[in-house]
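Written below as structure tokens is the structure these notes are about.
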Amino acid sequence: SKIRTTGIGESKLAEILEPLISRWNSPSVSFLPTLEGVDIVLRITETDKNTAEKRLKEAEGGIIKRIKRWVYTIGEEDLIDVVSRLLREKGITVAVAESCTGGSISSILTDISGSSAYFDCGVVSYSNDAKIDILGVSEDMIKKYGAVSSQVAIAMAEGIRRIAGTDIGLSTTGIFGPTGATTTKPVGLVFIGYSDKKGSISKKYMFGTVRKRNKIKTTQEALNLLRKNIIKNF
């Protein structure tokens, strides 16, 4: 059995689950970390199939109860598979405005066959001028808050949703480094914006100093934010 998580590290997962799994002789529990998240693998050696399945289900339930907010699936699906399935099942459309991720979210959303059913367009608005001219972000807003800010992330998500006429707008803006940091905005600071008919939000993240790693983590967090809000709002 495999429980797939994202947005939480291996050490924190182990800390949360240790009081539970330390009491078990079976199943065995292992953590498999990747850049995208951590897989929790349960293995059981029980010879009786019914007993083994019952014990696995009980173990899964106990684990998920404690870490539900980070679990995106049980099984082999990748996060993009889960997001794609939800979008298709609910008949939802999405458009993306990316700054720091440079198109990686649009790319992964279109990796799935049939993605034209839910993906309308992606804009890489890397410069401030592009954010202003294409997405309609206010120049005064950028001057006041900076391009890497909650306010601009929301304005980007709302802008791309308005332009595309989609159910959802998703956006990213951040500092991936190694240059670009300021005294108040360090390398690794990222804001992800989300907009739908129920309103707009942004989430703030602090990643590390490795540029490629930050792009992967931001893309994964954006997909997970999309997943959570599809479930919540549609």
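When residues in region 68-99 are screened for being buried (at least 23 other Cβ atoms within 10 Å of the Cβ) and either more than 27 Å from V124 (Cα to Cα) or not aliphatic (A, V, I, L, M) (or both), 3 of them pass. Which residues, counting only those in region 114-130, are open to solvent by 40 Å² or more (accessible area, probe 1.4 Å), part of a helix (DSSP H, G or I) and touching a residue at least 12 places away in the same chain (Cβ under 8 Å)? Answer for region 114-130, where residues must be open to solvent by 40 Å² or more (accessible area, probe 1.4 Å), part of a helix (DSSP H, G or I) and touching a residue at least 12 places away in the same chain (Cβ under 8 Å): A117, N128. Annotation note: of T173, T218, the sole residue that is within 20 Å of I80 (Cα to Cα), touching a strand residue (DSSP E or B) at 6+ places or on another chain (Cβ under 7 Å) and open to solvent by less than 50 Å² (accessible area, probe 1.4 Å) is T218. Could you tell me which residue of region 48-65 is farthest from L17 (Cα to Cα), considering only residues that are modelled with pLDDT of 95 or more and exposed (fewer than 14 other Cβ atoms within 10 Å of the Cβ)? Ranking the candidates gives G61 first. Residues of region 43-80 that are in a helix (DSSP H, G or I), closer than 18 Å to W24 by Cα and of a type in the set (A, V, I, L, M, F, W, C): A52, L56, A59, I63, I64, I67. Give the residues of region 92-127 that are within 17 Å of T173 (Cβ to Cβ) and small (G, A, S), sorted by residue number. Of everything in region 92-127, those that are within 17 Å of T173 (Cβ to Cβ) and small (G, A, S) turn out to be A95, A97, S99, G102, G103, S104, S106, G122, S125, S127.
Residues that are open to solvent by less than 60 Å² (accessible area, probe 1.4 Å) and either farther than 16 Å from V71 by Cβ or not in a loop (DSSP other than H, G, I, E, B) (or both) within region 2-23 comprise K2, I3, R4, T5, L13, A14, I16, L17, L20, I21, listed in sequence order. Restricted to region 154-234, the set of strands (runs of 3 or more DSSP E) holding at least 3 residues that are without any contact (Cβ under 8 Å) to a residue 60 or more places away in the chain comprises 189-196, 199-206. T45 falls short on exactly one of the conditions (1) closer than 30 Å to K212 by Cβ; (2) among the β-branched types (V, I, T); (3) touching a residue at least 12 places away in the same chain (Cβ under 8 Å); (4) surrounded by fewer than 13 Cβ atoms within 10 Å (Cβ to Cβ), and that condition is (1).
Of all the listed residues (G146, G199, G159), the sole one being touching a strand residue (DSSP E or B) at 6+ places or on another chain (Cβ under 8 Å), modelled with pLDDT of 95 or more and of a type outside the set (F, W, Y) is G159.
Do you know which residues across region 132-153 are of a type outside the set (V, I, T), in a helix (DSSP H, G or I) and over 18 Å from I192 (Cβ atoms)?
In the first step, residues of region 132-153 are kept if they are of a type outside the set (V, I, T); the result is 133, 135-136, 138-141, 143-147, 149-151, 153.
Filter again for in a helix (DSSP H, G or I), leaving 133, 139-141, 143-145, 150-151, 153.
Listed by number, the residues that qualify are D133, E139, D140, K143, K144.
The set of residues from region 24-40 being surrounded by 15 or more Cβ atoms within 10 Å (Cβ to Cβ), under 24 Å from the mean Cα position of the chain (by Cα) and in contact (Cβ under 8 Å) with a residue 24 or more places away in the chain comprises E36, G37, V38, D39, I40.
Picking from D111, D133, which residue would you name as being farther than 17 Å from Q220 by Cβ and open to solvent by 70 Å² or more (accessible area, probe 1.4 Å)? Result: D133 is the single residue among D111, D133 that is farther than 17 Å from Q220 by Cβ and open to solvent by 70 Å² or more (accessible area, probe 1.4 Å).
The values are calculated or read from the model by the stated rules, or taken from the named source; none is laboratory data. All values derive from a computational prediction rather than experimental measurement. Cβ sites come from the backbone with ideal geometry, for glycine too, and all protein chains shown count toward neighbours. For accessibility, only protein heavy atoms count, side chains too; no ligands or nucleic acids. Shrake-Rupley method; radii C 1.70, N 1.55, O 1.52, S 1.80 Å.
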